[in-house]
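Taking it in order: structure first as structure tokens, then the write-up.
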Amino acid sequence: MTAHDLCVKAFSATRLRPGYSMVGVDALLDWAAAELRRLHAIVRVVESGGTPEPAELVPRITPTEIRSTRFNTTRFFSGYHESEVGDFLRIVEREFANLHRFFSAVSAAASAGTSCDDDRWAAARHRGGPGSFHPGTTGTEVTAKTFTRTRFRAGYDTAQVDAFLGRVGRELDRLQAMAESARDGHPADTASVTADLTPQDIVNARFDSTWLTGGYSEYEVDDFLDFLEHELARIQTYLS
């Protein structure tokens, strides 16, 4: 996840039912985007062999702060769909937790006075911490994903979406198992990294539209598939 992802994120607006204050949600995402941009810049410094200043490694936003943030509720004015905001903030929280583990490893290596060529620095460059791989979204989370149901408007066929997400979830679990094995010193078979599913397959996914029988919100499904495309590309890049 990048700062740009937070800046351009859009949510469905509520009408005549409770929603989260748009001003409050936008303010949190702007704040998180600025910090994410700063942290990713430091990650690039470390990955290129540089040594950041200790003060730069002090987080300005914690995953707990993101998780515990509460928003005012709107009733008579439009707000953001609460479940969409909650789902997205869980992804943001996971990204910050991932980065904080990375910086904890960097801080430990720096405190030990090791050089940037030391094994502990090399281990710290793995975002999940020393010697580990951060799996990100799991297959279970993908298959358990829920979407707003449509009524009297077009939506995606629910069975087709569920079947495709099941396929993506199984592929993520397979690749994450390969990444964990690679971390333990067992190189991945390059030919098997993209054997079952590619990011382009997610881009090309198409579903039938429903009109009167109810379906999944097309916007929500498309948004989630964009996220899965980047997640799958991230893991395949790590393995290759």
Within the stretch 60-108, tally of residues that are open to solvent by 40 Å² or more (accessible area, probe 1.4 Å) and aliphatic (A, V, I, L, M): 1
How many residues are closer than 20 Å to Thr143 by Cβ and assigned to a helix (DSSP H, G or I) when one looks only at the stretch 209-232? 14
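For (1) at pLDDT 90 or above; (2) assigned to a loop (DSSP other than H, G, I, E, B), each residue gets a yes or a no:
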| residue | (1), (2) |
| --- | --- |
| Ile66 | yes, no |
| Val85 | yes, no |
| Ile91 | no, no |
| Ala97 | no, no |
| Ser107 | no, no |
| Ala110 | no, no |
| Thr114 | no, yes |
| Trp121 | no, no |
| Arg127 | no, yes |
Any residue at all in the stretch 192-208 that is open to solvent by less than 60 Å² (accessible area, probe 1.4 Å), within 22 Å of His81 (Cβ to Cβ) and modelled with pLDDT of 85 or more? yes
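The values are calculated or read from the model by the stated rules, or taken from the named source; none is laboratory data. If you're wondering where the values come from, they're calculated on a predicted model, not measured in any experiment. Neighbour counts run over all protein chains shown; Cβ positions are idealised from the backbone, glycine included. Ligands, DNA and RNA are excluded from the accessible area calculation, which covers all protein heavy atoms including side chains. Shrake-Rupley method; radii C 1.70, N 1.55, O 1.52, S 1.80 Å.
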